[in-house]
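Student: Mind looking over this structure? Questions follow.
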Amino acid sequence: MPLYEYACLDCGAEFEKLVLKAGEAEEIRCPRCGSGRLEDRVSSFASVSADGAPNCAPSGG
Ligand SMILES: [Zn+2]
């Protein structure tokens, strides 16, 4: 799932956004203050291991 994590550089709020299109990321804004200065962060689970199972890790949570 194209779920991206963003962090506002203005207020420091962190939120996730489901980006379907690459260009859509340009319209993403902070849901808290409305600032457009966001830092794209890569989620830990997004890391794809080139060992075998791409996303089949039974994470207990
Ligand atoms: Zn903000």
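Student: Estimate the FRET efficiency between residue 18 and residue 39 by the formula 1/(1 + (r/R0)^6), using the beta-carbon distance for r and 25 Å for R0, to the nearest 0.05. If you can, show how the numbers build up before the last one.
Tutor: Numbers: r = 17 Å, r/R0 = 0.70.
Efficiency for this residue pair is about 0.90.
Student: Order 4-16, 30-42 from most to least packed using the mean count of other Cβ atoms within 10 Å.
Tutor: On the way: 4-16: 14.7, 30-42: 13.0.
Those peptides, ordered most packed to least, come out 4-16, 30-42.
Only the coordinates and a few stated rules stand behind these numbers; no lab work does. Predicted, not measured: the structure shown is a model, and the values here were computed from it. Glycine gets a Cβ as well: all are built from the backbone with ideal geometry, and neighbour counts include every protein chain shown.
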